[in-house]
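Colleague: Let me begin by handing over the structure; questions about it come next.
The values are calculated or read from the model by the stated rules, or taken from the named source; none is laboratory data. Values in this document were obtained by computation on a predicted structure and should not be read as measured data. Here the Cβ positions follow ideal geometry from the backbone for every residue, glycine too, while neighbour counts run over all protein chains shown. The accessibility values were calculated without ligands, DNA or RNA, using every heavy atom of the protein model including side chains. Shrake-Rupley method; radii C 1.70, N 1.55, O 1.52, S 1.80 Å.
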Amino acid sequence: MAVSGTLYTYPENWRAFKALIAAQYSGARLRVHSAPPLFRFGHTNRSAPFLKKFPLGKVPAFEGDDGFCVFESNAIAYYVSTEELRGSTPEAAAAVLQWVNFADSDVVPPASTWATEVAKEEVRRVLGVLDGHLRTRTFLVGERVSLADISLVCALLWLYKQVLDPAFRGPFGNVTRWFLTCLNQPQFKAVLGEVQLCQRMALFDAIFFVVPKPPKRQFWGRFLGRFWPEKPQNCPVFFFREQPRSLRRGRRGGRRRRSPPRKGEKEKEPPRKGEKPPRREERRPEPEQDLDECEQVLAAEPKAKDPFAHLPKSPFILDEFKRKYSNEDTLGVALPHFWEHFDRQGWSLWYCQYRYPEELSQTFMSCNLITGMFQRLDKLRKNAFASVVLFGKDHDSSISGVWVLRGQELAFTLCPDWQVDYESYTWRKLDPDSAECRTLVTEYFLRGPGSAPGVLGGVPG
């Protein structure tokens with residue numbers, strides 16, 4: 001009897017595609033709950049009834065009509081498959097499992113951090129392994145489609161759609177042939193539709209503002225000096241500058257020696273018993289010696305008022321999301337955290353597009369356009385987060401992005417310094433509860449860190 005039940009997921013979840021394609025082969029009847037009112041990601045999967053069945057609150061998750069519940073995409077795909085898809089012999093089953101694990105451990109990690117050169121080389125290595133295996137094979141295991149093919153096609157899907165342009169995928173013709181063969185199967189088409197392979201690699205300008213800025217004034221202190229007798233070079237944690245003269249006059253790890261009197265000067269006699277020592281004149285602290293003229297002007301400027309002071313306190317802590325976005329899996333950890341804690345009253349989501357794509361010429365100049373905008377908005381990064389992408393090639397490109405902003409209106413009008421670039425873009429407010437918004441946030445936020453074209457906000461400094 002064919003399996004039947006409900007698959008909970010969010011729209012365009014490539015992990016859910018595995019179970020849906022397998023169900024096309026096996027005849028399993030799956031009802032997909034991926035959008036309101038049936039399923040609202042970040043709400044439904046955090047509710048008590050859902051957590052009772054799926055304690056981790058992860059999706060995709062499957063609930064059978066018979067009450068059987070299972071989560072993890074590979075487990076769901078296995079459950080709804082047939083023996084032929086799983087491998088009909090012990091050897092075939094082991095080979096299928098091998099490639100399913102290969103997809104998760106060797107393909108997904110570099111695909112998630114595409115923009116780094118290390119990730120690109122890792123993708124080349126992985127494609128090379130696959131190309132050699134497929135040189136004399138139509139499918140990965142045996143002569144028919146198996147879970148191995150389904151899992152790997154889904155893991156490679158976004159790479160082939162977004163970044164594996166003809167030049168990059170050219171040396172791996174066997175992989176592309178196999179990929180297209182799978183996509184042309186009716187069961188794949190029923191789930192994925194018509195897939196267009198990437199013709200122009202999405203270009204990423206990895207300017208993240210994720211490195212904490214060194215304080216202007218941190219000095220080589222006595223405490224550190226005991227452990228590093230010489231000033232360390234290229235230290236990743238501390239930032240050192242020369243000591244100011246006032247510190248150089250002080251103690252340096254031991255008792256201060258009295259210098260001998262100069263010629264013509266009398267040595268001061270110690271005070272006699274009963275006499276009070278002369279009162280020392282308090283010296284006013286000398287102004288810092290190493291401030292240049294620009295720094296002195298900046299230091300003299302009055303502190304600006306917080307442009308967001310009029311807004312009520314929000315329970316959504318942007319810095320917490322940034323840390324998870326930078327340090328943990330975007331799809332599995334950061335995005336669920338974002339939707340679980342996102343404050344719809346205190347924050348808003350926006351989609352932007354550059355107004356003048358016909359004026360974009362060289363791609364490096366367009367990258368500089370994004371970078372310059374983020375640099376001018378650096379003071380906004382505590383109240384904003386954005387992923388902005390440059391698509392295309394020289395003389396044929398476009399810029400678009402998704403922004404998270406404090407408040408319900410565009411924040412750029414709150415400060416004159418923030419108004420330089422925003423009028424060059426069209427802005428459209430997104431409904432956080434709409435499927436379109438969820439898809440855009442997923443697609444744009446999946447491009448970083450390490451793979452984003454430009455991310456404003458990064459990790460808090």
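Colleague: Given Pro171, Pro186, Pro212, which one is modelled with pLDDT of 90 or more, over 30 Å from Ala75 (Cα atoms) and surrounded by fewer than 18 Cβ atoms within 10 Å (Cβ to Cβ)?
Modeller: That would be Pro171, the only listed residue that is modelled with pLDDT of 90 or more, over 30 Å from Ala75 (Cα atoms) and surrounded by fewer than 18 Cβ atoms within 10 Å (Cβ to Cβ).
Matching residues to (1) in the same structural domain as Ser151 (by the TED database); (2) over 27 Å from the mean Cα position of the chain (by Cα); (3) open to solvent by 40 Å² or more (accessible area, probe 1.4 Å):
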{"residue": "Arg31", "(1), (2), (3)": "no, yes, yes"}
{"residue": "Gly42", "(1), (2), (3)": "no, no, no"}
{"residue": "Pro110", "(1), (2), (3)": "yes, no, no"}
{"residue": "Val118", "(1), (2), (3)": "yes, no, yes"}
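Colleague: OK, next. Checking the conditions here, which among Val32, Val141, Val145 is touching a residue at least 60 places away in the same chain (Cβ under 8 Å), of a type in the set (A, V, I, L, M) and more than 18 Å from Leu159 (Cα to Cα)?
Modeller: Testing whether each residue is touching a residue at least 60 places away in the same chain (Cβ under 8 Å), of a type in the set (A, V, I, L, M) and more than 18 Å from Leu159 (Cα to Cα) leaves just Val145.
Colleague: Have a look at Ser4, Ser47 and point out the one that is at pLDDT 90 or above, open to solvent by 20 Å² or more (accessible area, probe 1.4 Å), under 28 Å from Cys437 (Cβ atoms) and of a type in the set (Gly, Ala, Ser).
Modeller: Of the residues listed, the single one that is at pLDDT 90 or above, open to solvent by 20 Å² or more (accessible area, probe 1.4 Å), under 28 Å from Cys437 (Cβ atoms) and of a type in the set (Gly, Ala, Ser) is Ser47.
Colleague: When you scan the stretch 311-334, how many residues do you find that are assigned to a loop (DSSP other than H, G, I, E, B) and either out of contact with any strand residue (DSSP E or B) (no Cβ under 7 Å at 6 or more places or on another chain) or in contact (Cβ under 8 Å) with a residue 60 or more places away in the chain (or both)?
Modeller: Total meeting the criteria: 8.
Colleague: Looking at the stretch 18-27, which of its residues are assigned to a helix (DSSP H, G or I) and surrounded by fewer than 23 Cβ atoms within 10 Å (Cβ to Cβ)?
Modeller: Scanning the stretch 18-27 gives Gln24, Tyr25, Ser26.
Colleague: Name every residue in the stretch 385-411 that is touching a Gly at 6+ places or on another chain (Cβ under 7 Å) and surrounded by fewer than 21 Cβ atoms within 10 Å (Cβ to Cβ), in order of residue number.
Modeller: Scanning the stretch 385-411 gives a single hit, Ser398.
Colleague: Here is a further query. For the list (1) in contact (Cβ under 8 Å) with a residue 24 or more places away in the chain; (2) outside any loop (DSSP other than H, G, I, E, B); (3) crowded, with 17+ Cβ neighbours inside 10 Å, I need the number of the one condition that Thr176 fails.
Modeller: (1)
Colleague: Look through the stretch 335-367, keep the residues that are without any contact (Cβ under 8 Å) to a residue 24 or more places away in the chain and more than 21 Å from Arg406 (Cα to Cα), and return whichever of them is surrounded by the fewest Cβ atoms within 10 Å (Cβ to Cβ).
Modeller: Glu358
Yes or no, residue by residue, for (1) closer than 30 Å to Pro166 by Cα; (2) in contact with a strand residue (DSSP E or B) (Cβ under 8 Å, 6 or more places away or on another chain):
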residue: Gln345; (1), (2): no, no
residue: Gln353; (1), (2): yes, yes
residue: Ser361; (1), (2): yes, no
residue: Phe364; (1), (2): yes, no
residue: Thr371; (1), (2): yes, no
residue: Ala384; (1), (2): no, yes
residue: His395; (1), (2): yes, no
residue: Trp403; (1), (2): no, yes
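Colleague: Starting from the stretch 99-115, keep only residues that are part of a loop (DSSP other than H, G, I, E, B), then list their pairs with residues that are among the basic types (Lys, Arg) and surrounded by fewer than 19 Cβ atoms within 10 Å (Cβ to Cβ) whose Cβ atoms are within a distance under 8 Å, requiring at least 6 positions of separation or different chains.
Modeller: Trp114/Lys120
Colleague: Also: When the residues of the stretch 125-146 are narrowed to those that are in a helix (DSSP H, G or I) and open to solvent by 10 Å² or more (accessible area, probe 1.4 Å), which ends up farthest from Ser88 (Cα to Cα)?
Modeller: The extreme case among them is Arg125.
Colleague: If you take the residues of the stretch 419-438 that are in a helix (DSSP H, G or I) and surrounded by fewer than 14 Cβ atoms within 10 Å (Cβ to Cβ), which of them is nearest to the chain's Cα centre (by Cα)?
Modeller: The extreme case among them is Glu436.
Colleague: What about Val153, is it part of a helix (DSSP H, G or I), under 15 Å from Ile21 (Cβ atoms) and within 27 Å of the chain's Cα centre (by Cα)?
Modeller: yes
Colleague: Which residue, of Ser348, Ser361, is more than 18 Å from the chain's Cα centre (by Cα), assigned to a loop (DSSP other than H, G, I, E, B) and of a type in the set (Ser, Thr, Tyr)?
Modeller: Answer to the selection: Ser361.
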